[in-house]
Amino acid sequence: MGERKSFCSLILVFLLAACASGEDPYRFFNWNVTYGDIYPLGVKQQGILINGQFPGPQIDSVTNDNLIISVFNSLDEPFLLSWNGIQQRRNSWQDGVYGTNCPIPPGKNFTYVLQVKDQIGSYFYFPSLGLHKAAGGYGGFQIASRSVIPVPFPPPAGDYTILAGDWYKQNHTDLKAILDSGSDLPFPDGLLVNGRGSNGYTFNVDQGKTYRFRISNVGLTTSINFRIQGHKMLLVEVEGTHSLQNTYDSLDIHLGQSYSVLVTADQPAQDYYIVVSTRFTSQVLTTTSIIHYSNSAGSVSGPPPGGPTTQIDWSLEQARSIRRNLTASGPRPNPQGSYHYGMINTTRTIRLANSAPIINGKQRYAVNGVSFIPADTPLKLADYFKISGIFSLGSVSDGPTGGGGYLQTSVMAADFRGYVEIVFENAEDTLQSWHIDGHSFFVVGMDGGQWSSANRLSYNLRDTISRSTVQVYPNSWTAIYMPLDNVGMWNVRSENWARQYLGQQFYLRVYSPANSWRDEYPIPTNALLCGRALGHSKRPQ
C-alpha cells in the first residue's frame, strides 16, 4: 500500500510540473513482470512475461516525450530492463544495466523516468541481467517524429514491429549454468518472429498500400537475414537516422540492430512468406511468417525464397551501401547532413580488440585482454558516492595489449565533448556486433584485414549512417567517429549475449568537471541503492 501511495505521489508531482512549465507530454506505463508458460517452438517453457505478454507491450512515443514506466518485479529473482538505442540524454541513471542501476528486488517496484530527447526511430527494450533475455521480457520501442517535422516519405497505411532472433528450448537458468561452467552456448534450436515459430504470425495488408516494418534482431548469438517473398524493401530508417532510400531484396540484421523498411503490397492478391534465416552459420536455421492480402485469392505457395548464408563480401557491400539521407530532417527541423562529422578533428583514437581467452580453466571473452566482471556495487553509484575500491579508471587500455586475458571490472575514462575515433578490431573467425549505450556514432569505415592509419584514406566522411550498434566481420575491422556528448557511465558491449555475459564489455565514463545539471541530471530520488551504496544519502551533494 505504501509503494502504491508513493507511486501516486510521484505521478502527481510529474503532472503538476508538466502543467506548470508546459513541458513535453508524459506517457505512463504500468508493467508487471512475471513468469509464465510459453510454447514458441512447440515445447512448454518458462518465459518472462510483461503484463502477461510475450513479447512485452510495445512503447509508442513521440520525440521528446517523457515516459514514466513503473515496473513491478513479480519474479523470484532480481530484474532490470534496458532500452537498446535510447540515449538517456544526461540521464544514465535510467539506462537499466547493472553498471548503472541496482536490480529491482523480487516483489518490489521501480519507476523509470526517461525522456526520448531529440530521437526518432525504431528500437527495442530487453531484460539486461544474466540470461533473462533468453526467456523473453523484450518488446518494441518506437519514437515517431513530431507533427511539425517533415518525414521523407508519405505516411504508411500501417506500422508493424518485427522482433526476430534465435531461440533456445532450454530454460534461461540452464543456459546460464552452461556459461558459468566454462562452456559456450550450444547452437540455437530455432528462430522466432514476435515470439512465435514458423507461420505463427500473420501481417495483414491491403493491395496497393504501403506498410512500414520495423525489424530488430533480439536474438542471443546469430545474425539474421530478412526477406519477403515477391516484394522489395525500401530502407528508410536505421536506429534513429533516416537513410538513403535504397531498395533491397533482403537485409542482413546483426545482433541488437534495428532497421525500418517500407513494403508496398503490389503483387497479385494472395499470401506470401516473410523469411528469417541465420547468417554465417554452418547449419542454417529458417523460420517464416505470413503477409496476408485482405483480398487474397490463395495461401502461400512454392518454397520460401532462399537467402545468403555464409557470404561475407555480399554482407560487407550491403553494409557500405547503407547511407544517411542528407536532405531529411532528424528529430529537429534541420537536415541530418548539416552536421559535418567528417570535418571535425578527432581528439583520441581507441582501438578495441575482442578475444576469447581461457581464464582459470574456463572460457571467457575479453576487450583488449580484459574480461569484465561485475562489481558488488553499480559503477555509477560508486562514482557518484565516491566509494573507492570498486573500479579504477584506465583499467582497460586504449589499444590491444597483445597479452593473455585477465579478469577486471574495466572502466575507461573519457572527457565530455571529446570527439573520438574508435576502431573495433576482430581477429577471430566469428562476426562481432558491438553496442554503445548513451550515444549514436558515425560508421566511417569497415574492411577485412588488420586496421592501420592508412585505412583512414578510405573512410566515408560525408554521408555514412549513424547508429548505436555495428557489426565487425570476421578477421576485419570497423571504424566509427563518436561525439562524447552525453555525460554518464555507459555500457560498451558485445550484443552476442554469451560473450557479453562472459566478459566482452566495459564501461565508458564520460566525465564533466562542471558538476552541473546542464551536463547531467542529479541522482533520482527513487534510485535503488545496493552493495556498498546502501546507507548513502540521495540528497544533492
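The values are calculated or read from the model by the stated rules, or taken from the named source; none is laboratory data. Not measured: the values here are computed from a predicted model. In this analysis, Cβ positions are derived from the backbone assuming ideal geometry, glycine residues included, and neighbour counts consider all displayed protein chains. These accessible areas exclude ligands, DNA and RNA; they are computed on the full protein's heavy atoms, side chains included. Shrake-Rupley method; radii C 1.70, N 1.55, O 1.52, S 1.80 Å.
Key figures
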| item | result |
| --- | --- |
| For SER371, residues with placed amide H under 5 Å, excluding near neighbours | TYR406, LEU407, GLN408 |
| Largest-first ellipsoid semi-axes for the range 354-410, taking √(5λ) over the Cα gyration tensor eigenvalues, angstrom | 24, 13, 7 |
| Ordering of 244-253, 48-57, 449-458 by burial proxy (mean other Cβ atoms within 10 Å per residue, highest first) | 48-57, 244-253, 449-458 |
| For the range 158-224, accessible area per residue (1.4 Å probe, heavy atoms of protein chains only), Å² | 34 |
| Alpha carbon convex hull of the range 250-317, volume per residue in cubic angstrom | 120 |
| Average accessible area per residue (Å²) across the range 72-120 - probe 1.4 Å, nucleic acids and ligands excluded | 25 |
| Taking the C-alpha atoms of the range 418-496, convex hull volume expressed per residue in Å³ | 89 |
| Binned Cα-Cα distance frequencies in the range 303-430 - 10 Å width, integer % | 10, 24, 28, 25, 12, 1, 0 |
| Two-decimal Rg/Rh across the range 221-290, once Rg and the Kirkwood Rh are taken from alpha-carbon atoms | 0.99 |
| VAL300 long-range amide H proximity, modeled H, under 5 Å | ASP271 |
| Length-normalised contact order of the chain in % [C-alpha pairs under 8 Å, at least 6 apart] | 14 |
| Residue-by-residue Karplus 3J(HN,Hα) for the range 454-460, coefficients 6.51, -1.76, 1.60, Hz, glycine and proline x | 5, 5, 4, 5, 9, 5, 8 |
| Per residue value of the accessible surface for the range 236-363 (all protein chains in place, 1.4 Å probe), Å² | 43 |
| Largest-first principal axis extents of the Cα set of the chain (Å) | 68, 58, 50 |
| Spherically averaged projected area of the range 85-160 from its Cα convex hull (nm²) | 7.1 |
| Principal axis box of the range 364-480, alpha-carbon based, largest edge first, Å | 45, 33, 21 |
| The range 276-408, relative contact order in percent, only Cα pairs under 8 angstrom and at least six apart counted | 17 |
| Convex hull of Cα atoms in the range 149-229, direction-averaged projection (nm²) | 8.0 |
| Principal axis dimensions, largest first and in whole angstrom, of the range 458-523 by Cα | 43, 37, 15 |
| Within the accessible area of the chain (1.4 Å probe), percent carbon and sulfur | 52 |
| Placed amide H near ASN496: partners under 5 Å, 5+ positions off or other chain | SER433 |
| Percentage relative contact order, the range 439-541, counting C-alpha pairs under 8 Å, at least six apart | 24 |
| Dipole axis of the range 387-541 (+1 Lys, Arg; -1 Asp, Glu on Cβ), positive-most option in THR478, LEU457, THR409 | THR409 |
| Gap separating the Cα centres of the range 357-422 and the range 98-156, nearest whole Å | 26 |
| Sum of -39500 (n - 2.57) over DSSP H runs of 4+, divided by residues of the chain (222 nm, nearest 500) | -2500 deg cm²/dmol |
